[in-house]
Structure formats: C-alpha cells, structure tokens
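Chemist: Could you have a look at this structure, given as structure tokens, before my questions?
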Amino acid sequence: MARRKSGGPRELFPTLAHAHEWLRLAACVKYVDGSWVSGIVLQPSIKERKTAKIAWQVISEEFGDGDLDKNHVYIYHQLIDKLGLGGRDEQGEAMQGDQSGFDGSPIDQGIPRCWAAALAQQSIGLLSSEFFPESLGFNMAYETLPYHLLVTSHELRELDIDDSYFALHITIDNPHSGHAAMARLAVESYLSEYEGESQKVAWRRVQAGMVLAEGLPTTPWSPIEFEKVGSRYRPRAVVPAPTRAERDVARLFLAKSTAARRMHCPSRLRVAGQTLEEWLDPTSMTPSKSVQFTRALSTFRPLVKAGDIEGSRLVTEMLWGGRMFGAFSKSEVTIVKDWVAGLAPRAVQRGVYCSFAERMGEQGNHAHDQDNHDHQPPVFGCADSTARMAPVWFASLVLLDWFPLSPPRLASSLGMSILRVIRAQLGFPALHQSDDICAGLDDFGSGEGILGLWEIGEIVFGHHIGVGDAINMMPEYVRDLLSLREQPYREQALLVGLSLGFLGLHRHPSISVSVPPRHLSTLDRIEREQREALVECVELFKGNDKWRKDAERGMVLAQDIISRTLAGN
C-alpha cells in the first residue's frame, strides 16, 4: 500500500485485460474449490471420524452450507458469466467447470501450474481415505490466508470488478474462528489420537500434505513488487537467500580477494559483464558482492559446469597442474567441489515420501495405516432383530457421500439440497437460510464434536464401527446397491429415492426402543431436515417422468431391503 500510495503501478493486474485473462485462466482451480477434503468423510476409521467431521465442516462452508448463493464455485461461475469470460452453451449460458470448454480457451491454452493445482486438489479429495493425514495437512496449508489474495481483492476493486469471491476467502479463512482455525483444530484432533512414535509418524504425514500444498501455486501469475528509480518504477528483482553452499564459497572468495589483488589483470574473461579483477577487487568486495560473483560463476561455462566437478575448469585449475594450484587448501577445494556438485538439477527421488512418512510400499503398509482396516467384523451388543438392522442403518448414511466429489456439479440447486441431507445426517444444524451466517468453530468449541446418525447408530447397536467395516458386513444385495453411489449424478434419482425410503428407519420399533431418550429430539430434527431437503430434490424434477419413476423405484427398493432384513432373509 505504501508503494501504491507513492505512485507505484498495480502489481498483479497492469490493465483490465490482464485481470480478465487472469480470472479466466484461474477458473480451472476455482471450479474445484474445496475439493481437497470433499471425500474426507467417505471412509474414516473409528479414530478419524471426529476429525473428519471437523474438516468436512470447512468444505460444507466452501459449498455454501446448502445455500447456492454462498457456494464458492457458484460465486466464481457468476463472476465469469458476468464478465463474459467463459465458454457458452447452445442456450448462451456460461458453461460450468465440469463441461468441456468452460474456460473459453482453445485446447492446451491454459496455465500448467493452475491445472496442476486443480488436479492435485481433486486427487487429494478422491484419495483422502488412504491419505487422511496428508489431506488434513493440505487443508491446513490451503486455508491459510496468502498475500496474493489481498492484492487480488484490492486491485479488482480498482478495476471495478466484483471481488466478492476473493473478499469472501479473506474473511472466512481467518485463523481465529474461520477455516484456518478449523483446519488447525482438525489436525490437533487427529494427532491427539496417537502417542509417542505413532504420533511422530502421523505428524510427518500431515507435514507431507502441507509441503504438497505449498508447492502448488494456484494462480496464473503472482504479484510483482516495484521499486522507484528516479522518477520511474521498475519491477524489483527478487533475490533469493544464498544456500549454505553459496555462503561457504562466497566467504571463501571474500577471504581470498586481498591475496588475489591484481593477480587476474591478464585475464580477459568477463563474467556477467565484469572482469575477474573487477569482481575480486578487495576495495569493493563485500559479502553481498561475493554472493553475486558466486552466482554469476555458477552458470559461466567452461569455468563451472553444474554437477560436473571434473569438467569445471575452476576446480581443475586448483589441482596439480592448474594455474591456481596451492592458492587453495585441500579443505577449501572441497568447499568448491561440493558447491559445483550441488549445482546439478535435483531429480525427484522415488521413495522420498514413503521414507519420510514411514509408509512402506506403494500402498503403504505401516502399522499406522491399520486403523483404517479392521480384520474382524464387529459383534453388536443388541438383540438379533436389532443387530440385523445395523448394516441397513449404516448403508443408508453413505448413499449420497460421493456427490461433493465433483464441486462444479454440486454447485446447483440439486447439489445444495443433497448437501443439506448430508449435513443433517452428520448432525450439523441447518445453516442454509438466507439470514444465517457460517458457524465456524461454534459447533466444535466444546471439543465434544457433533452427534449425527452414525454416532447414534453406534449407541443403538452397542459398537463403534468404521465405514469400511460397516460396508463389508452388509448383505451382498445391499453392497451391490451401494455401488450406485460411485456414479452419483448418473444415478441421482435412484439414490434420492433410496434415501427417502430409508428415512423412517431410526423410528422403526425394533430400533427406537434402543435409542436413549436424550437423543430422540436430535433424531426428530435430523429426520425433519433430511425430509425437507429430499422433497426439494424431488420438486426440482417434478416435470421429469423418468426421474420421478427412478426415485419411486429407489423408495420401493429401500422398503424391500428393510422388510427382507427384518425377516432375516
């Protein structure tokens, strides 16, 4: 702001055209906003469920808590539509992020780093069951307010462009009660489940996710700082801090400069525009200049060939037969050799992540992962008729959980209704009314978490159970039915119908007798909010006969499953 007030130019968007291009190219990332933890509740272990719900609360707010006008993807879509920057369908409406050509760009005309970030976010969401702690670390890094967001919001306003999407992220990601705080709480909750060496391994896996996030820029380009030179401004060169090897060599050249005075006068070599004598002049040599000289030498062939000690004349001239033999001691030559060797491009080493996170093999078979896989099915401590209903109870709670894996498709009226169903099942209160605000940490301030249908089911059936175990113990015909959830938008009508058919399950006499009285009001609220949202889904397609028939078929299937299970078939 000081630079701008003194007359400096905009540092992200020089012109309106630059802003439009930036917004268009960034769309591939913005249309998957929140996807990195979209699958966090798909299959958590018993230990992970409380943590998963904290992280999922972040994503629920990213998706507007069921209110389309608050959905981040929808807000960005509206911005792109308003500015006419996206592709258009046959009706002239802007294409959403799940449609080919949505960004209005010719094939392969996007920004690679934006696409890399978008793919990484989507992949983390899809694989969050296996990489649970990594997704938490990724979430904690991404929910931390970056500097460029402040610049973006400020300069868009200057250009008279609606900055609501960016301003929203500045406020909602705050570290006191917003997403940054919630992401941190999720990590703390996860680590609290482990002790000693297991906790250290868990923390390293969280760190791995953070590093991945930090290495994925999400913008087409970053702000450029300017400096005033005379009456004009020019981009300020960003000089990275010297590495340890650079510091060691720079100190060596600085120390040698006095002894080397006037020794290089005959040399006509010019390194970065200066002769060796000018570089090594002790009257002007400083620590900063010695670093500049070291960096200039690093790319000056044939004196220095990155990674090639024997091929670098700077080194061979220090050895026997070289013109600088004896001017450098053995330890000093070693410093130069190490520096030259370290200049080689660093290849990505396979196995670094597995070694750091102590995960052996491609899929990871460290003992820490075993929490996600119970080897013996649980034995429920309740009557036979009630125990038979356990698989159905838990099956009814995972029918819709694949919908959020596609944020662009979820950013619709149907998606918001589905999201409200999931919120209700998880125990979150309805927050989709226009006069409501986001809850932030309010729901988790006590540290006790939120009671949803899964937790009530564990109380009813007398056993804590992971999602994977619940699915594995289901009858085959139920497991076959659950495969439909892997294509949520294709099978949307059937899944909605199934959810409607299972609605009264917790009030069935064989189950309700085992529900503690203090939880009955919670069950009533959850059922009411589920029913309202599911009815909204049906109303959206009231003129579509095929959709309605598929939904009706789903309801019949659900009721048939309940009957067969009670009969022991």
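The values are calculated or read from the model by the stated rules, or taken from the named source; none is laboratory data. This is a predicted model, so every value here is computed, not measured. With ideal geometry, Cβ positions are generated from the backbone for all residues, glycine too; neighbour counts draw on all protein chains shown. Accessible surface areas use protein heavy atoms only, side chains included; no ligands, DNA or RNA. Shrake-Rupley method; radii C 1.70, N 1.55, O 1.52, S 1.80 Å.
Chemist: For Asp69, which of the numbered conditions (1) more than 20 Å from Leu126 (Cβ to Cβ); (2) buried (at least 23 other Cβ atoms within 10 Å of the Cβ); (3) modelled with pLDDT of 90 or more fails to hold?
Modeler: (2)
Chemist: In addition: Is it true that Ala250 is more than 30 Å from Arg24 (Cα to Cα), exposed (fewer than 12 other Cβ atoms within 10 Å of the Cβ) and either of a type in the set (Asp, Glu) or in contact (Cβ under 8 Å) with a residue 40 or more places away in the chain (or both)?
Modeler: Considered against the rule, which asks whether it is more than 30 Å from Arg24 (Cα to Cα), exposed (fewer than 12 other Cβ atoms within 10 Å of the Cβ) and either of a type in the set (Asp, Glu) or in contact (Cβ under 8 Å) with a residue 40 or more places away in the chain (or both), Ala250 comes out as no.
Chemist: Here is a follow-up. Return the pair list, or none, for Cβ contacts closer than 7 Å from residues in segment 215-239 that are without any contact (Cβ under 8 Å) to a residue 60 or more places away in the chain to residues that are among the hydrophobic types (A, V, I, L, M, F, W, C) and open to solvent by less than 100 Å² (accessible area, probe 1.4 Å), at least 6 apart or on different chains.
Modeler: Arg234/Phe226; Pro235/Ile224; Pro235/Phe226; Arg236/Phe226
Chemist: If you don't mind, there's one more thing I want to ask. So which residues in segment 488-502 are free of Cβ contacts under 8 Å to residues at least 60 places away in the same chain and surrounded by fewer than 18 Cβ atoms within 10 Å (Cβ to Cβ)?
Modeler: Listed by number, the list holds a single entry, Arg490.
Chemist: Scan segment 109-123 and report the pairs whose first residue is on the phi > 0 side of the Ramachandran plot and whose second residue is part of a helix (DSSP H, G or I) and surrounded by fewer than 16 Cβ atoms within 10 Å (Cβ to Cβ), with Cβ atoms within less than 8 Å and a gap of 6+ or a chain change.
Modeler: Here the result reads none, with nothing in segment 109-123 linked to a residue that is part of a helix (DSSP H, G or I) and surrounded by fewer than 16 Cβ atoms within 10 Å (Cβ to Cβ).
Chemist: Still on this structure, I have one more. Taking segment 284-308, which residues are under 11 Å from Val271 (Cα atoms), over 39 Å from the mean Cα position of the chain (by Cα) and either modelled with pLDDT of 90 or more or assigned to a helix (DSSP H, G or I) (or both)?
Modeler: Phe293, Leu297
Chemist: A further question follows. Pick from Ser45, Ser35: which is touching a residue at least 12 places away in the same chain (Cβ under 8 Å), buried (at least 21 other Cβ atoms within 10 Å of the Cβ) and touching a Leu at 6+ places or on another chain (Cβ under 8 Å)?
Modeler: Ser35
Chemist: Right, here's the next one. I'd like to check something: does segment 340-361 contain any residue that is modelled with pLDDT of 85 or more, in a helix (DSSP H, G or I), under 19 Å from Leu303 (Cα atoms) and open to solvent by 40 Å² or more (accessible area, probe 1.4 Å)?
Modeler: yes
Chemist: If I ask for residues that are among the hydrophobic types (A, V, I, L, M, F, W, C) and within 12 Å of Gly34 (Cα to Cα), which ones from segment 127-139 would you list?
Modeler: Correct list: Phe138 only.
Chemist: Can Glu11 be described as over 16 Å from His169 (Cβ atoms), open to solvent by 10 Å² or more (accessible area, probe 1.4 Å) and not aliphatic (A, V, I, L, M)?
Modeler: So Glu11 passes the test.
Chemist: Among the residues of segment 7-48, write down those that are assigned to a loop (DSSP other than H, G, I, E, B) and among the small types (Gly, Ala, Ser).
Modeler: Answer for segment 7-48, where residues must be assigned to a loop (DSSP other than H, G, I, E, B) and among the small types (Gly, Ala, Ser): Gly7, Gly8, Ala26, Gly34, Ser38, Gly39, Ser45.
Chemist: All but one of (1) surrounded by fewer than 16 Cβ atoms within 10 Å (Cβ to Cβ); (2) touching a Ser or Thr at 6+ places or on another chain (Cβ under 9 Å); (3) touching a residue at least 12 places away in the same chain (Cβ under 8 Å) hold for Leu520; state the number of the condition that does not hold.
Modeler: The number of the failed condition is (3).
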